[in-house]
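Read through the structure below, which is laid out as structure tokens, and then see the notes.
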Amino acid sequence: MTNIFALFRHPKELQDLTSDELQEKILTHPVLIDVRTVREFEAGHIAGAVSIPLGQESSVVARWPVDADVVLICKTGHRSQAAAGALLAQGFQHISHLKGGMDAWRRSGKPIE
């Protein structure tokens, strides 16, 4: 039986980004993937982000090469860690996530679409 909590552990290969670091990284045009629900995404997201809810990582694998620079975003940082684990298992090499998720982004006063 799979331990559900193991899915939300921070993979050692996953890079944490603060809101300021992500805002700077956006200038290099990484693939921004929002893993929240479609409803959460539609309520407000970072400009340029693509909605691919947690559990649909096969869509990422089908759309981008494993050497793509991918940044994962969720509400608090937990679902993005789970998505990172799935993508790392598929061979992705450059995965980071917004530490603290959209909650941290909003607290920092950064723009939301």
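The values are calculated or read from the model by the stated rules, or taken from the named source; none is laboratory data. Quantities reported herein were computed from a predicted structural model and do not represent experimental measurements. No Cβ is skipped: glycine too gets one built from the backbone with ideal geometry, and neighbour counts run over all protein chains shown.
Below are the figures for this structure:
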quantity: Failed item in (1) touching a residue at least 60 places away in the same chain (Cβ under 8 Å); (2) within 17 Å of Glu13 (Cβ to Cβ); (3) not basic (Lys, Arg), with Val71 passing the rest; calculated: (1)
quantity: First in region 84-103 and more than 14 Å from Lys25 (Cα to Cα) and among the aromatic types (Phe, Trp, Tyr), second anywhere and modelled with pLDDT of 95 or more and crowded, with 20+ Cβ neighbours inside 10 Å, Cβ under 7 Å, 6 or more apart; calculated: Phe92/Val70
quantity: All positions within region 36-67 that are aromatic (Phe, Trp, Tyr) and either free of Cβ contacts under 8 Å to residues at least 12 places away in the same chain or not in a loop (DSSP other than H, G, I, E, B) (or both); calculated: Phe41
quantity: Test: residue in region 68-87 that is surrounded by fewer than 15 Cβ atoms within 10 Å (Cβ to Cβ) and either among the hydrophobic types (A, V, I, L, M, F, W, C) or not in a loop (DSSP other than H, G, I, E, B) (or both); calculated: no
